[in-house]
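Here the structure is laid out as structure tokens; the discussion comes afterwards.
Derivation of every value follows stated rules applied to the coordinates shown; laboratory data play no part. Only a predicted model underlies this, so the values are computations on that prediction, with no experimental measurement involved. Using ideal geometry, Cβ is built from the backbone for each residue, glycine included, and neighbour counts are taken over all protein chains shown.
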Amino acid sequence: MKMTMRWYGKNDDPIKIENIRQVPGMTGVVGALFDVPVGEVWPEDKIQALKADVVAAGLELEVIESVNIHEDIKLGLPSRDKYIENYKETIRRLAKIGIKVICYNFMPVFDWMKTEMAYQLEDGSNTMAFFLEGVQKSAAEVAQDVLSKNEGTILPGWEPERLADVTKLIDLYQEVTEDDLRANLKYFLEQIIPVCEEVDIKMGIHPDDPPYSIFGLPRIVKNREDLDFICNAVDSPYNGITFCTGSIGEDPDNDLVAIVAEFAKRDRIPFAHVRNVKFIGEGKDCYESAHYSPYGSHDMFKIMEALYDNGFDGYIRPDHGRMIWGEVGRPGYGLYDRALGAMYLTGLWEALEKRQVN
Ligand SMILES: [Mn+2]
């Protein structure tokens, strides 16, 4: 297991990489380029500059999150082939600097959706939350809400230029069924996985967040059956999952520990986001709690145990954290609570390793 933390780069992240380096057990950061328009080939000089910044801080850069998928690929438009060729070239360029895993998602229009960016918790901290009631208005209004509460930072997957006309983008999906979207994902994977095998990069699809349909959009990475379909669509260890416990875990019907165990055993989890959520009331409304099991609805020990016992040897990162100790910044991506999360997960892993020895 290699513990990592997401870092937005020296120009886009208020958090210094030197501070991430001081978190015990940290081996590397998960990085990306945020100024390359979706669909374009990532410039080699920028990739190398990012790598140089990370290495200079004494950390590794082996995971990229995300190389986003152009909407035309998800929609299955004829123009997709051009964007798939660009994607292949980006994969090859990332391999040259030692990248081992690329995280991506196949969510139409929105990469992720929260209705509350600073939900107040009893202890004085705040966190992101998702309440179904919050998406009962139009998608454009919800998008505007999210974009206005980003504390001046870029939000991953929420490129303002792409979301400028959310309504139009959603209209394009009116005729796209879940089966169509699945076929478009399979088409994409059939094209890129041979390249991944050649250059030794594993793809990890991030589950839908939340893992059910919103705004009538199709969703195909929601549960065990969806993950099984994806793994079988191209049967290769290079076609894997970024197992986000906070996304799959936002549907109480998903048996989180059993799903983690199954796909770790099948060697399809090269990268895991491990975090907790806390359900409120009877339905699916929830907020992003501290990682520690008693504060959320999921058992982090059992999740780490399922990874450990099934031979997981990939990358882990804590996921969204609360804003604590007065920290202000990109929602979910402050330093302090993610550092606590990383340390907690590292501690659980140490206990699992030593349990086996004794
Ligand atoms: Mn995640």
Report, for the chain, the % of DSSP beta bridges that are antiparallel, rounded to 5.
20 percent
Kirkwood-based Rg over Rh for the chain (C-alpha set), two decimals?
0.93
Determine the gain in length on full extension of the stretch SER213-GLU18; use 0.36 nm per residue of separation and subtract their C-alpha separation, reporting nm with one decimal.
66.3 nm
Net charge of neighbours whose Cβ lies under 11 Å from the Cβ of LEU172, counting Lys and Arg as +1 and Asp and Glu as -1
-3
Toward the positive end of the charge dipole of region 2-357, about the Cα centre and with charges on Cβ (Lys, Arg +1; Asp, Glu -1), which of GLY249, ILE15, VAL166 goes farthest?
ILE15
Spelling out what I want: for every residue of region 184-194, take phi, set θ = phi - 60°, compute 6.51 cos²θ - 1.76 cosθ + 1.60 (Karplus), and round to whole Hz; glycine and proline get x.
5, 5, 4, 4, 4, 5, 4, 7, 8, 4, x
Which of LYS114, LYS278, LYS96, LYS222 comes first, and how do the rest follow, when ranked by fewest Cβ neighbours within 10 Å?
LYS96, LYS278, LYS222, LYS114
If amide H atoms are built 1.01 Å from N in the plane of the peptide, which residues on other chains or at least 5 residues away come under 5 Å of the amide H of PHE106?
HIS206
If you count the DSSP beta bridges with both ends in region 199-358, what percent of them are antiparallel, to the nearest 5?
15 percent
Report the label-to-label distance for GLU122 and LEU147 in nanometres (one decimal), using points 7 Å from each Cα along the Cα→Cβ vector.
3.8 nm
As a footprinting exposure proxy, order LEU227, LEU132, LEU59 by other Cβ within 10 Å, with the fewest listed first.
LEU132, LEU59, LEU227
Taking the Cα-to-Cβ direction at ALA52 and at ARG224 and moving 7 Å from each Cα, how far apart do the two end points lie in nm?
4.9 nm
Can you put MET343, MET5 in order of Cβ neighbours within 10 angstrom, beginning with the fewest?
MET343, MET5
FRET efficiency, 1/(1 + (r/R0)^6) with R0 22 Å, evaluated for ASP180 and LYS82 via beta carbons
0.65
If amide H atoms are modeled at 1.01 Å from N in the peptide plane, then the residues at a separation of 5 or more from PHE131, or on another chain, having amide H under 5 Å from its own are THR115, GLU116
